Amino acid sequence: MTGTNGAWAPPSSIPRAEIVKLSQETLALPDIPVGNREDIFRIQALGMDWDIGTMTYEPEDPARIPKAPDGRRAGIFLLHGGTSDYKSLEPVARMLATKFGFKVTLMTFPGRLYLLDPSRDWPGETLEADGTGRTPLWTRETRITPDQYEVARDDARRADYGTVISLVAREGTEFYYRMAAWPVAFEEAMRESCRREFPESEYALYVHGHSTGGPFAMIAAQRVANVAGVLGYGSSTFAYIYTATTGDRWEFPFNHLRLRTWRDTARYLFEGLKDKGYGLPMLMELTMEKWEGGRKRTNFKAEDFVHKNGAGALEQAARVTARRLEMDATDEERLVGRYLGYLRELSGPDVKAVPPVLSLHGLDDDTVTLQRCQGSLALYAAMDPAPKVACVSLGAGIHTWGLTYDDLPRGIIPPVSRLWHDAIVGGYFES
């Protein structure tokens, strides 16, 4: 669709028939020869080492990489959601690279990549029968032992989430101090990943964070100089906007690591199957079948207090870190400000503006809904300067990427990839 200035402009909704057509057209495109490589590198943040893992897909012939409207190559930086690692977005990256020629880098959240096996598959269950839990690998050498945490169960959100199970890091342990420091490590990891793969002079960069990854994509959008736009599908946004549009607030302390289980698989699977007339036994079977493969992904989550506007937890984490580093009062307050800055847009005369946002929403996404996006528009409009934001309803799709249909054999991935491509090369993200 062409807007009044000649640039590509999104419609407010795209019916299922058009989604199917976009999928068919995308899958019919010839494949571009593509290579992929993993990069494991170490950064330092707040006096600690952190091992960061990325996977990059790119055309063997760099000339195949499409150009952004400013003449630079177009790169895409992907962040997964709250349950996984870079592997969950590899089908998306492959589609973007093989059908449209983008260079695409996926980054795993700090501590979430299983560095001890080349497959990157996590062994066992997130919570074992003996009460031990799955814990982060912030470096290859890091080992969080059971004496560093307690297991907590919370039934307050059982109607929607089932029992929420968390590992609570004991004060004074490495687990405790890592849980306090990881937000800054996350920011620095994004900066370094983009610096390594997308030099500012060569690439216009477009960022996507799925679900919980969305707030971190928004963080990167203002802190990485060559980010030209935000690509959304099932993507949350700044934490304060999340709270304003949902009324939902998680007040867990910073030292709670939430474990994902089959309960979360059931919650997302139900989105696409709730109207199919399946009985409970079949839904249970499908859930456990999907969990059998899904438990190999990370399935623990520390990001709730960034995602869901936990200002108190972030401030506490910053002060714990400041005390560990023996900061003076001025530096401690500066660190607190840095942490709280993750909850909303940065502002001021020397700050990079929030770039344009394209937010796509699957018809059956009950988690990051179209209504939430529409409810956020007034808050985006209040920013100075206000970014361009579009909320688009797609006639298919649930919150996760993986569900397929008879008429969409690769699910929602091909049509979303096509829409992202058209927006980038068509000039939607030009301010």
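Which Cys in the chain stand alone, with every other cysteine's Cβ at 4.7 Å or more from theirs?
Cys with no partner Cβ under 4.7 Å: C194.
Relative contact order for segment 13-425 using alpha-carbon pairs under 8 Å, separation at least 6, rounded to a whole percent? The partial results should precede the final answer.
Numbers: 816 pairs, mean separation 81.3, N = 413.
Rounded, it is 20 percent for segment 13-425.
Using a Förster distance of 35 angstrom, determine the FRET efficiency expected from the C-beta separation of D130 and D155, and round it to 0.05.
Numbers: r = 22 Å, r/R0 = 0.64.
E(calc), rounded to 0.05, equals 0.95.
Please report Rg (one decimal) and Dmax (integer) in Å for the Cα set of segment 173-327.
18.5, 60
Find the centroid of the Cα atoms in segment 376-422 and in segment 127-183, then give the distance between the two in whole Å.
33
How are the Cα pair distances of segment 1-138 distributed, in percent, across 5 Å bins from 0?
2, 8, 13, 15, 16, 15, 11, 8, 7, 4, 1, 0, 0
Calculate the length of the line joining the C-alpha centroid of segment 240-300 to that of segment 306-330, in whole Å.
When both Cα centres are located, 29 Å separates them.
Considering the convex hull of the alpha carbon atoms of segment 120-188, report its projected area averaged over all viewing directions, in nm², one decimal.
Orientation-averaged projected area of the Cα hull: 6.3 nm².
Grab the alpha carbons of segment 293-411, take their convex hull, and tell me the volume per residue in Å³.
Details: hull volume 18.8 nm³, N = 119.
Each residue corresponds to 158 Å³ of Cα convex hull volume.
Sorting check: for 413-420, 119-126, which peptide has the highest mean count of neighbouring beta carbons within 10 Å, and how do the rest follow?
In decreasing order of mean packing, 413-420, 119-126 become 413-420, 119-126.
Output the peptides 342-349, 295-302, 104-111 sorted from most to least packed, where packing is the average of other Cβ atoms within 10 Å over each peptide's residues.
In descending order of packing, they fall as 104-111, 295-302, 342-349.
Taking the Cα-to-Cβ direction at D117 and at I43 and moving 7 Å from each Cα, how far apart do the two end points lie in nm?
2.7
Can you give the Rg to Rh ratio for the chain, taking only C-alpha atoms and Rh from Kirkwood?
Expressed as Rg/Rh, it is 0.94.
Quick note: the coordinates plus some simple rules give every number you see, no bench work behind them. Model, not experiment: these values are computed from the prediction. Cβ coordinates were reconstructed from backbone atoms using ideal geometry, including for glycine residues, and neighbour counts include every protein chain displayed.
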